[in-house]
Amino acid sequence: MTEPGPRFKTVKFVKIISCSFLIVVSLLLTVASIRTLTLDGHDGLQLARWEKTDNISLELDLDHRQELLTRLREAIRIRTVSTSAEDINTTALLHFDRFLRQAFPRVFSSSLVHHELVANYSHLFRVEGSQPDLVPYLLLAHIDVVPASESDDWVAPPFSAEVIDGFIYGRGAMDDKSSLMGILEALEYLLRKGYAPRRGFYIGLGHDEEVFGLNGAVNIVRVLKQRGVQLSFVLDEGLALIDGVFPGLEGPAALIGLSEKGMASVKLSVSMVPGHASMPPRQTTIGILAAAVKSLEENPMPTVFGYGPERGTFEQLAHKFRFPLKFILSNLWLFSPIVARFMERKPETNSFIRTTTAVTMFNAGVKLNVIPSLAEAYINMRIHPAQSLKEAMDHIHSTVGDPRVKIELINGFDPEPVSSSDEKSFGFQIIKKTVLDVFPTVTVAPGMCTANTDSRHFKDLTKDIYRFIPLWLKPGDTQRLHGINERISIKNYEEYVTFYFSLIQNCDIQNLPEPHSSVHEL
């Protein structure tokens, strides 16, 4: 009997490999299909039995609605601008203090509420609970706003708080006076109705968040630390309600930030002896620095999609997309590299999947015919939670790779820890329940905040910090934040008040309910 020839053995080997490949692909598709059909963004607590509390209902009649609008407009008109840590409008901050005391008489006079000024301009309120064994929480907002020029293309002056087509226009309408006023309006109304919380809580209003909060929030933390305060959770500004922002997502969603990116401000500089432009060297300071900047822009840090809170965002929202996106997003364990390639094409989505690098300032030259002795560029990096400040700096050094370029870290900090969001997470589940109470048609998902907030200073007081405001964001609205035509609808502001009114009362439960069912993981 003759032995099979080499050709026969090759064919047999190819068949075995092909069959094995088909089996593996079939298994992967089967697992992916099962996961797509069973993965649901809703967890068991939605169906669980929540502890009953005697919640007061919020009844906004026409007069009350008008009062809410009037007070918010007055708050926006006060120019509490922070331009830099050295340039803060303290006169406006004192004006705002007087305004708050007039606008919320019960908050400032109730025996349940203890108020104090911190660092002269920030406010800290402690609201006593009837059950001191329940760990308190903290609601954060900030008083200051970024500058706005009336020479820009605003449809109404930026500090006029003018109402146009149902929207209040003005700097701070979105960031962050609606949150500040909404929290205090909710507490004022509850006190008027005789409410006394079971779980005590704090309200912190920083005065310099827009310039890193180093006097306001930092000193509020110092005060709380001195008193040995530990918090169940912190809720600050951050993510929001989105509608029509994600292509393919059916219906609105509420994203609750579990973390926020770190930050690095880096200075690049090149120095040499100046000279006449008629006898230039092979490379000038500008040319050397331009090459370094070009290298950084062309070689971004690698994507880390799936290693931070953004994975939970898409998995929780997957069931609200149509096929094939539903299939792909339900199986990021398999398709995350493909999703990342698509997301990095647009700045808005690219920021979620990597540490970003932006050249924000470039200074060089003093005269047309003089070779400049110094060229400087400033880089702003926003560091993904899966990476660190050290990794970001290492990337700059290795990418620039030119000893003639001096690299200096001006300031920076690591990304914030990722807060919990499972069924045992008191803060996340209470915020989620409140969102669904007030906005029953939305889908709630965890997320990552790409900007920085005052909440990052509070990580020694709690392991759970959340970043969410009940602000509706539709296509184009994100450009209004720190931009022109910042606005909020009157209806949405009333929803703010309702949200905080409900949240404060929902926090009065002692424990979360037992989960109705478990969410599987692959």
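Length available on full extension from LYS390 to SER373: 0.36 nm per residue minus the Cα-Cα distance, which gives 3.1 nm. Per residue of segment 463-474, in order, report the coupling 6.51 cos²θ - 1.76 cosθ + 1.60 (Karplus, θ = phi - 60°) as ³J(HN,Hα) in whole Hz, putting x for Gly and Pro. So the J values, rounded to whole Hz, are 8, 10, 10, 10, 10, 7, 10, x, 9, 7, 10, 10. Pick out, from GLY129, ALA318, PHE458, the residue whose Cα sits farthest towards the positive end of the charge dipole of the chain, with +1 on the Cβ of Lys and Arg and -1 on the Cβ of Asp and Glu. After comparing all options, I get ALA318. Our coupling estimate for segment 239-244, obtained by passing each phi through the Karplus curve with A = 6.51, B = -1.76, C = 1.60 and θ = phi - 60°, is 7, 8, 8, 10, 9, x Hz, Gly and Pro reported as x.
A dipole drawn for segment 55-167 from +1 and -1 charges on Cβ atoms has a positive end, and of ILE88, GLN66, VAL107 the residue lying farthest that way is VAL107. What you get for segment 311-448, charging only the Cβ of Lys and Arg (+1) and of Asp and Glu (-1), is a dipole of about 480 debye around the Cα centre.
Between segment 282-338 and segment 446-479, the C-alpha centres lie 20 angstrom from each other. Listed peptides 228-240, 273-285 appear in the order 228-240, 273-285 once ranked by packing, highest mean of other Cβ atoms within 10 Å at the front.
Enumerate the amide H contacts of VAL81 below 5 Å, restricted to partners 5 or more residues apart or on another chain; note that Pro and chain-start residues carry no placed amide H. When sequence neighbours closer than 5 places are left aside, the close amide H contacts are ASN89, VAL145. In this calculation the C-beta distance from ARG198 to LEU94 is compared with R0 = 25 Å, giving a FRET efficiency of 0.10. Under a 5 Å amide H cut-off, with hydrogens placed 1.01 Å from N, GLU260 pairs with GLU416, CYS449 among residues at least 5 apart or on other chains. Classification of segment 56-130 by its C-alpha gyration tensor yields an oblate form. The axis ratio a/c (a ≥ b ≥ c) is 1.5 or more, and b/c is at least a/b. Residue-wise HN-Hα couplings along segment 62-68, as the Karplus relation 6.51 cos²θ - 1.76 cosθ + 1.60 with θ = phi - 60° gives them from phi, are 4, 5, 5, 4, 5, 5, 4 Hz; Gly and Pro carry x.
Separation of segment 179-194 and segment 350-394, taken as the distance between their Cα centroids, equals 44 angstrom. Taking amide H as placed 1.01 Å from N in the peptide plane, GLU162 has its amide H under 5 Å from the amide H of TYR169, each at least 5 places away in sequence or on another chain.
Under Stokes-Einstein, with the Kirkwood radius over Cα pairs as Rh, the value for segment 237-357 at 20 °C and 1.002 mPa s is 122 µm²/s.
Selection among SER420, CYS507, LEU368 by position relative to the dipole of segment 367-522 gives LEU368 as farthest towards the positive end (Cβ unit charges, Cα centre).
For the chain, the solvent-accessible area with a 1.4 angstrom probe is 48 square angstrom per residue. Looking at segment 368-407, none of the trypsin sites (Lys or Arg not before Pro) sits in a DSSP loop with at most 12 other Cβ atoms within 10 Å of its own Cβ.
Quick check on segment 185-255: take the gyration tensor over C-alpha atoms, sort the square-rooted eigenvalues as a ≥ b ≥ c, and tell me if it's rounded (a/c under 1.5), prolate or oblate. Oblate shape, in that a/c is at least 1.5 and b/c is the bigger or equal ratio.
Counting only Cβ charges, +1 for Lys and Arg and -1 for Asp and Glu, the dipole size of segment 134-269 around its Cα centre is about 1060 debye.
Put a plus charge on the Cβ of each Lys and Arg, a minus charge on the Cβ of each Asp and Glu, and nothing anywhere else: the dipole of the chain about its Cα centre is then about 1480 debye. For segment 409-477, what does the alpha-carbon gyration tensor say about shape, rounded, prolate or oblate, given a ≥ b ≥ c as the root eigenvalues, a/c under 1.5 as rounded, and a/b over b/c as prolate? In terms of gyration-tensor shape, oblate.
Semi-axes of the equivalent ellipsoid for the chain, computed as √(5λ) from the eigenvalues of its C-alpha gyration tensor and ordered from largest down, come to 43, 37, 20 Å.
The values are calculated or read from the model by the stated rules, or taken from the named source; none is laboratory data. Just so it is clear, the model here is predicted, and its values are computed rather than measured. Ideal geometry is used to build each Cβ from the backbone, glycine not excepted, and the neighbour counts take in all protein chains shown. In case anyone asks, the SASA skips ligands and DNA or RNA and just uses the protein heavy atoms, side chains included. Shrake-Rupley method; radii C 1.70, N 1.55, O 1.52, S 1.80 Å.
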